[in-house]
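Shown next, in structure tokens, is the structure this report addresses.
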Amino acid sequence: MPSTVKYHINKTQGEEHELPCIKCTGKTAHKVLASVDIRGEDGDSNFSFEWATDNQIVQCLGCKTVSFRKASSNSEDYHQINEEGDCEYSIDEMLYPTRIEGIKGLGDETHYLPSNVRKIYDETLMALSSQAPVLAGIGLRALLETVCKEKNATGRDLLKKIDSLVSAGILTPASAAILHKIRTLGNAAAHEMKPHSDKQLRLAMDIVEHLLKDVYILPKQVESEFEK
Ligand SMILES: [Zn+2]
């Protein structure tokens, strides 16, 4: 059997999928607005192999945000779904922009950040939502370093710098204690190439986002809302 590849336009249009949304919390229904669906076949008289790749423009039915979903499957990759032995093809799903349920980032508030902090924040968020845990860990540490530098923290190492921000009244001792945990987290990622668990990284990102809010975002917002 010769190999064949067919391109179908809008074969999966109108389908609905539960996907994490870029803006909404949790998973929401997304509708396929348009698609290019590729179907392939390969093999010989003894063996045949089929594969499918759906390239879909999808829209969240809650906030109407439009994004992209690529779903791939093939006739060799399936798993059992119940005790009766029924099977389902495994679907390898990729979403663009990349996202992870529960990670929303600071959104529009990032424009209050100094440009160098914002740049590292955006990249760290991207690493985190692209499931690149080593890079996300290094990014979190780099964010701490950059905030310290930007706030003129003093000291030889990050430990001393974080403590100096407490003395300067920029950080509370409680926040500093939490940041020390992230500092050691970044150490392991940078020097031992040891990735952290999703949960640790998400928590660390939450903490760093709080720090960015306290240090940069809230003061600017208060300044613009309550005139001096
Ligand atoms: Zn949405």
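The values are calculated or read from the model by the stated rules, or taken from the named source; none is laboratory data. Fair warning: this is a prediction, and the values are worked out from it, not measured in the lab. Cβ coordinates were reconstructed from backbone atoms using ideal geometry, including for glycine residues, and neighbour counts include every protein chain displayed. The area values use the complete protein model at the heavy-atom level, side chains included, leaving out ligands, DNA and RNA. Shrake-Rupley method; radii C 1.70, N 1.55, O 1.52, S 1.80 Å.
Compute the angle between helix 198-212 and the longest alpha-carbon principal axis of the chain, please, reported from 0 to 90 degrees and rounded to the nearest 10. Here the helix axis deviates by roughly 40 degrees. At R0 = 41 Å, how high is the FRET efficiency between Ile100 and Glu227 if r is their beta carbon distance? Nearest 0.05 is fine. Step by step, r from the Cβ atoms, then E = 0.55.
The heavy atoms of His210 offer some 120 square angstrom of accessible surface to a 1.4 angstrom probe. The slack in the chain from Ala132 to Thr25, taken as 0.36 nm per residue of separation less the alpha-carbon distance, amounts to 36.3 nm.
Solvent-accessible surface (1.4 Å probe) assigned to Lys64 amounts to roughly 120 Å². Put Arg156, Arg118, Arg141 in order of accessible area, highest first, and with a 1.4 Å probe you get Arg156, Arg118, Arg141. Solvent-accessible area of Glu41, all protein chains in place: 70 Å² (probe radius 1.4 Å, heavy atoms, ligands and nucleic acids excluded). Placing +1 on the Cβ of every Lys and Arg and -1 on the Cβ of every Asp and Glu, with nothing else charged, gives region 52-118 a dipole about its Cα centre of roughly 760 debye.
Accessible-area rank, largest first, for Phe68, Phe226, Phe47: Phe226, Phe47, Phe68, with all protein chains present and a 1.4 angstrom probe. Which of the residue pairs Lys27/Lys199; Lys23/Lys181; Lys70/Lys199; Lys119/Lys151 have a Cα-Cα distance greater than 20 Å in the structure shown? Checking Cα-Cα distances, Lys23/Lys181; Lys70/Lys199 exceed 20 Å.
Label-to-label distance for Thr184 and Ser48 is 6.0 nm, based on points extended 7 Å past Cα in the beta-carbon direction.
Apolar share of the accessible surface for region 107-191: 56 percent from carbon plus sulfur atoms, 1.4 Å probe.
Full extension of the chain between Leu218 and Thr4 gives 71.2 nm of extra length, using 0.36 nm per residue less the Cα-Cα distance.
What does the accessible area per residue of region 1-84 come to in Å², with a 1.4 Å probe and no ligands, DNA or RNA counted?
Roughly 62 Å² per residue, with all protein chains present.
Seen against the Cα atoms of the chain and their longest principal axis, helix 158-167 is set at about 50 degrees. Spin-label pair Lys151-Glu192: with each label point 7 Å from Cα along the Cα-Cβ axis, the two points sit 2.8 nm from one another. The distance linking region 65-101 with region 203-228 is 39 Å (Cα centroid to Cα centroid, whole angstrom).
In the chain, a dipole from Cβ-located charges (positive for Lys and Arg, negative for Asp and Glu) runs towards its positive end, and of Pro133, Ile162, Thr28 it is Ile162 whose Cα lies farthest in that direction. One chain, two ends: Glu88 and Asn74. Fully extended at 0.36 nm per residue, the span grows by 4.0 nm beyond their Cα-Cα distance. Rounded to the nearest 500, the 222 nm mean residue ellipticity of the chain from helices alone is -12000 deg cm²/dmol, with -39,500 (n - 2.57) taken per DSSP H run of at least 4 residues.
The largest accessible area among Lys199, Lys213 belongs to the first residue in Lys199, Lys213, and the rest follow in falling order (1.4 Å probe, all chains). Of all aspartates and glutamates in the structure, those lying under 15 Å Cα to Cα from Lys11, and not within fewer than 8 positions of it along the same chain, are Asp37, Asp54. Highest GNM mean-square fluctuation among Met205, Met126, Met94, for the chain modelled with Cα contacts below 10 Å: Met94.
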